[in-house]
């Protein structure tokens with residue numbers, strides 16, 4: 001391929017990833033289905049073989065084949081991109097890791113896989129407490145989303161009806177993941193992040209951000225509404241729980257983990273939970 005064409009292709013792929021999609025309408029948190037899949041995952045088989053078996057056995061008990069395909073597509077997008085992450089999640093699920101901790105970890109990966117879900121949290125919900133708001137109205141999300149539509153930030157132009165369905169899907173998903181609470185009237189949920197789940201996320205981010213100082217200030221902590229000072233308190237707690245080693249001397253911060261892969265670290269977390 002010609003160099004210029006290759007560069008253009010890469011730029012187009014980056015742009016495509018930046019644009020938002022409306023997949024959340026078909027997805028939701030899918031917590032029960034996801035945990036069922038992970039609990040029945042056969043580590044001796046390939047991804048393709050596992051998904052084929054799930055289709056045959058219909059583990060979800062769904063009447064609609066198309067619904068099963070929707071679930072498997074979202075499951076693949078969120079949790080099957082990295083083999084090591086898949087193995088780590090299977091280890092946590094089968095190792096009876098705390099349900100709340102696993103939910104937080106699944107939320108983290110889901111938000112990383114869906115830029116719309118990610119940016120609704122970090123760009124729309126995150127600023128609300130500083131504005132003195134804890135209640136989250138449908139319009140609080142719908143208005144910015146439709147502005148993003150007008151700015152051309154979606155893969156296709158959404159109708160008003162699609163925009164409304166996306167907002168409803170987002171709010172239901174974030175409620176199930178524990179970011180929002182309330183059946184009818186939604187509000188920001190009080191932050192609860194088990195230290196073991198924090199340690200998992202820290203290890204995951206550390207893989208691509210080995211600098212202790214930068215890890216402390218990684219913008220992905222915004223998914224949990226954590227400012228740097230709160231992140232540091234979590235690191236200290238994780239250190240005291242022997243989940244990692246955290247040392248700070250002035251501007252020098254050193255963070256080390258008792259594992260070299262996310263799969264291995266998942267086993268550490270499971271073992272130390274007992």
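The values are calculated or read from the model by the stated rules, or taken from the named source; none is laboratory data. Small disclaimer: the values here were computed from a predicted structure and weren't measured. As a convention, Cβ positions derive from the backbone with ideal geometry for all residues, glycine included, and neighbour counts pool all protein chains shown.
Tell me yes or no: at least one residue of the stretch 53-60 is at pLDDT 95 or above, on the phi < 0 side of the Ramachandran plot, surrounded by fewer than 19 Cβ atoms within 10 Å (Cβ to Cβ) and in a helix (DSSP H, G or I). Steps first, please.
Start the filter on the stretch 53-60 by keeping residues that are at pLDDT 95 or above, which leaves none.
No, there is no match, as no residue in the stretch 53-60 is at pLDDT 95 or above, on the phi < 0 side of the Ramachandran plot, surrounded by fewer than 19 Cβ atoms within 10 Å (Cβ to Cβ) and in a helix (DSSP H, G or I).
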*In the stretch 123-162, what count of residues is obtained for those that are surrounded by 15 or more Cβ atoms within 10 Å (Cβ to Cβ) and over 22 Å from the mean Cα position of the chain (by Cα)?*
4
_Listing of helices (runs of 4 or more DSSP H) fully contained in the stretch 194-274 that carry 3 or more residues being buried (at least 17 other Cβ atoms within 10 Å of the Cβ), touching a strand residue (DSSP E or B) at 6+ places or on another chain (Cβ under 9 Å) and assigned by TED's automatic domain parsing to the domain that holds residue 80_ = none
*Go through the stretch 107-135 and give me each residue that's in contact with a helix residue (DSSP H, G or I) (Cβ under 6 Å, 6 or more places away or on another chain), assigned to a helix (DSSP H, G or I) and touching a residue at least 60 places away in the same chain (Cβ under 8 Å).*
108, 110, 111, 117, 118, 121, 122
_Step by step: first the residues of the stretch 132-166, then only those that are in contact with a strand residue (DSSP E or B) (Cβ under 8 Å, 6 or more places away or on another chain) and at pLDDT below 85, then the one that is nearest to residue 117 (Cα to Cα). Which residue is that?_
154
